[in-house]
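The values are calculated or read from the model by the stated rules, or taken from the named source; none is laboratory data. Here the structure is a predicted model, which means the values were calculated and not measured. Glycine also receives a Cβ, built like all others from the backbone with ideal geometry; neighbour counts cover every protein chain displayed.
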Amino acid sequence: MLIPRGIAALLILLLPVFWGCAARVPKGMTESRAILEQTRTKGDDKILPAEYRSIEETVIMAEVLLKDGDDDEAERLFLLAWSKGMLLRKKLEEEKARVHAEKLLREEAERLKAEQKRLAEIEEQKRLAEEKLREEEKKRREREKEKTERERPLPPYYTVKRGETLPQIAARHEVYNDQTLWPLIYRANRDQIRDPRFISPGQVLRIPRNVSREDIAEARRFSAGKSFH
């Protein structure tokens, strides 16, 4: 029959009062009682409750036998309880060590995870910084290229290549960068171009510079009314 835990603890404390001062203290009695008390005081009885309960019930049975005068059987049970108590202490140490080791492993895993996250963030920041530098360098080179092209003197002549048309020549960056301005080239080279749809490879065409806004507007109007197809 299981004895409620609170009553069991009270019996352990009070049973010696019932049998008074015995002539001989059974071996293991003091030690087994001390183990129970220390385990309960530290709260370790919650760690291995089944083992603790087994020792507690063994001590209670020994106390009852001692009260009934069965000193030998009582001593045997006290020694058994003491033996169980020593084993309990060992198991408690092992369990605490295991729990502590698991805690350390969790903490180390969390530390490593945090470190990996930190390193990943650093790498990402480095990648973004490098990408930004590359983008800035690209823009810088483009600005330098544009500046160089703006500052480069525009050629006053252009040599026709095979398959080119006047709009294609006008669209070239070093010419007008606008295919609709081909009439400017045509008008400046009427002496060698009879039909703007037909030009020959090797022809050296004059490229008018310093043209007025009116000339540009007129060239675009003229271009809109002509087809090269």
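Taking the criterion of being within 22 Å of residue 159 (Cα to Cα), in contact (Cβ under 8 Å) with a residue 24 or more places away in the chain and small (Gly, Ala, Ser), the residues of the range 182-229 that qualify are 200, 202, 219, 223.
Taken over the range 174-229, residues that are within 60 Å of the chain's Cα centre (by Cα), hydroxyl-bearing (Ser, Thr, Tyr) and outside any helix (DSSP H, G or I) amount to 1.
Checked against (1) free of Cβ contacts under 8 Å to residues at least 24 places away in the same chain; (2) exposed (fewer than 10 other Cβ atoms within 10 Å of the Cβ); (3) of a type outside the set (Asp, Glu), residue 168 meets all criteria but (2). Could you tell me whether the range 164-173 includes any residue that is out of contact with any Ser or Thr (no Cβ under 8 Å at 6 or more places or on another chain), among the hydroxyl-bearing types (Ser, Thr, Tyr) and not assigned by TED's automatic domain parsing to the domain that holds residue 201? Within the range 164-173, none of the residues are out of contact with any Ser or Thr (no Cβ under 8 Å at 6 or more places or on another chain), among the hydroxyl-bearing types (Ser, Thr, Tyr) and not assigned by TED's automatic domain parsing to the domain that holds residue 201. In the range 51-75, the residue that is surrounded by the fewest Cβ atoms within 10 Å (Cβ to Cβ) out of those that are charged (D, E, K, R) and without any contact (Cβ under 8 Å) to a residue 12 or more places away in the chain is 72. Total residues in the range 141-194 satisfying the condition of being under 19 Å from residue 227 (Cβ atoms), touching a Lys or Arg at 6+ places or on another chain (Cβ under 9 Å) and of a type in the set (Phe, Trp, Tyr): the figure is 1. Checking each residue in the range 121-139 for being of a type in the set (Lys, Arg) and within 19 Å of the chain's Cα centre (by Cα) picks out 126, 127. Against the numbered list (1) among the hydroxyl-bearing types (Ser, Thr, Tyr); (2) touching a helix residue (DSSP H, G or I) at 6+ places or on another chain (Cβ under 9 Å); (3) part of a helix (DSSP H, G or I), residue 158 comes up short only at (3).
Looking only at the range 68-84, decide whether some residue is at pLDDT below 95, within 14 Å of residue 33 (Cβ to Cβ), among the basic types (Lys, Arg) and out of contact with any Gly (no Cβ under 7 Å at 6 or more places or on another chain). The answer is yes; a qualifying residue exists.
Please tell me if residue 128 is surrounded by 14 or more Cβ atoms within 10 Å (Cβ to Cβ), hydrophobic (A, V, I, L, M, F, W, C) and assigned to a helix (DSSP H, G or I).
On the way: surrounded by 14 or more Cβ atoms within 10 Å (Cβ to Cβ): no; hydrophobic (A, V, I, L, M, F, W, C): yes; assigned to a helix (DSSP H, G or I): yes.
Considered against the rule, which asks whether it is surrounded by 14 or more Cβ atoms within 10 Å (Cβ to Cβ), hydrophobic (A, V, I, L, M, F, W, C) and assigned to a helix (DSSP H, G or I), residue 128 comes out as no.
Of a type in the set (A, V, I, L, M), under 16 Å from residue 219 (Cα atoms) and surrounded by 10 or more Cβ atoms within 10 Å (Cβ to Cβ) - does that describe any residue in the range 139-157?
Looking for residues that are of a type in the set (A, V, I, L, M), under 16 Å from residue 219 (Cα atoms) and surrounded by 10 or more Cβ atoms within 10 Å (Cβ to Cβ), one finds none in the range 139-157, hence no.
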